[in-house]
1. Name the long-range amide H neighbours of Ile105: under 5 Å, sequence gap of 5 or more, or other chain; modelled H, no Pro or chain starts.
2. Amide H of Leu519 versus every other amide H placed in the peptide plane: which residues, excluding those fewer than 5 positions away on the same chain, fall under 5 Å?
3. For a protection proxy built on the mean count of beta-carbon atoms within 10 angstrom, sort 370-381, 467-478 highest first, please.
4. Please get the size of the charge dipole for segment 243-284, origin at its Cα centre, with Cβ charges of +1 on Lys and Arg and -1 on Asp and Glu, quoted in debye to the nearest 20.
5. Return the subset of Lys46/Lys185; Lys207/Lys468; Lys46/Lys189; Lys189/Lys212 for which the Cα-Cα distance in this structure is over 25 Å, preserving the input order.
6. At a threshold of 8 angstrom on Cα-Cα distance, excluding pairs fewer than six apart, so keeping six or more, what relative contact order does segment 442-555 reach in percent?
7. I'd like the FRET efficiency for Ser354 and Leu385, computed as 1/(1 + (r/R0)^6) with the beta carbon distance as r and R0 of 51 Å, rounded to 0.05.
8. At Thr456 and Glu198, where each label point lies 7 Å from the Cα along Cα→Cβ, what is the point-to-point distance in nanometres?
Amino acid sequence: MGATLRALRALVLLAGFHLLGLLLLALLGALDWVAWRWAPAVWALKTYALSFVLAVPVVRGMLMLRTPRDEGVAGVPVTEAEEPRLWAAVRELAGSVGTRAPDEIRLTADMNAAVTEDARLLGLRGGTRRLYLGLPLAAGLSEARLRAVLAHELGHYANSDTRLSGITERSRLHVARTVGRFEEKSGLKVAKERARQERKSARRVAKGKTAKEVDTTGAGFSYRVMARIYTAYGRFSMRATQSGSRRQEIAADLAAARIAGRDATASALRALPALDTAHEFYLNSYATLGVEFGMLPPHGEVFGGVRHLLDARAEELAGMRAELPTEPATPYDSHPPTAERVATIESLPDDGRSAEEDRPAFALFTSPEAALRAVEDATLTPEALAMRRLDWPELVHASMTARYVRDTEPLRTAITELPGTRDDRTAGEGTALDLGLDLGLAIARQTEAFLDAVDTGAVWDLVDRLPKSEEAAAATGRAAREFARSSLRRELARLLTTALTADGRARWQLSWSAPASLLLPDGYADELPAALDAAITDRPDTEPLRKLLATGGAL
């Protein structure tokens, strides 16, 4: 489908949104007329009020004339003087694709690359072009693969995709905002009705009556119906444009293959899903490991540290590149399944340009480290930027130790409530940012008190007060005892780990290819399992655990 037909289709869908609004307003007007003619005055007034509150979001959506430009895109613009090699590569690729180069290049924190254009007059006139390049993406690609990605994005300019997307985007925003307003109104009605019923139930309880179950099924019903109507139209619009959007992606892929080479383009497409998965895993398991305790990696490593993970898990990523998604990410995804895109490119004739590993993509940057720091400063919140910075090994150890201190807090609180036990908890220990001598001694004393409770048999009541799974809570007799025994062993192991890390005898070790591991003093790894088993028998023996706590120096 040519640009003219795509523009016409987008305009028809945009007009359809307004036509739907006029139809709904007409129906509301007809309802008001019926109420005026035949309904009692009270019901007519209620009908008028309902029609008014339903008409407001419809009219507001129809009167939204401007599509927001670049809202919510955090990035650092770089000039040609700052990044001459990157700009030279982009200009060269734009010339090869046959289009005007972007006016701006912005570096972002995403595992993605994208292009936009502030087109005017519904796409009839071009505007400012921006290329967004995620530094984590560049960190995971070779220069040849990054050139293929950039050629793909520039291909969207050549095909007028970015200019015409303004019309489609406006239709999508109209629908989304109108649905959002109706859902917001529905939520407020539900909350108001819930609060009313809860107040009524409280009055019943105060009078000695049984409270009724809160039921908000009917609250906000009319708003939800309107939202569903617009949602249905939105789905229709996305379905109507989906095939065209997917053809645009294939066309951009073919442009990339022509410019950057068949093998480099196919290889880049294979890498993208694996890199996206690795990046999400990195953010959750490494970059934000210490955030809840106020700690971050070194400056520039929050987004740049993904390089260490990619290097350490190269074989795993190679396996992921071989298993491509055969289904779209969502039913309305504008991109075809990756497997289909790769198959299309790999079916092209061999152009003699291989995709062998060449220079890393960061070779196009004057200073990748400076760029990573700049993006970090522009992307993170002020609260995050103020957090304590630790190098990776220390970050992993401090974060894991703090997590164990926090997770054992319920147990250690219960220990202090045992008869004859001194409360040695340190004020503010819950943050566990600095595991000093006082906290280490306090946890050691609590561990000793726990072992005393094991010897006297008081520990079973203590363990019984801790949170349980549904299965453990429902168990009785021997089964309940075995659940309690398993819980006791787990709590002992966690508390002992906390004690050993808090006083410096054990240390959490960073690994980019596996989860963090605990380095114990010599001999502990062999002796600890047997010592734990001895402490949870019907005739417990805590002496082996006490010896482990009493011996061994700091690592």
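1. Val78, Leu131
2. Hits under the 5 Å cutoff: Arg507, Trp508, Gln509.
3. 370-381, 467-478
4. Numbers: 5 positive and 5 negative charges, 48 e Å.
Dipole magnitude for segment 243-284 comes out near 220 debye.
5. Lys207/Lys468
6. Worked out over segment 442-555, it gives 28 percent.
7. Numbers: r = 43 Å, r/R0 = 0.85.
Given R0 = 51 Å and the Cβ-Cβ separation, E is 0.75.
8. Inter-label distance under the simple model: 4.3 nm.
Laboratory data are not the source of any read-out in this text; all were calculated from the coordinates shown. Everything quoted here is computed from the prediction, not taken from an experiment. Cβ sites come from the backbone with ideal geometry, for glycine too, and all protein chains shown count toward neighbours.
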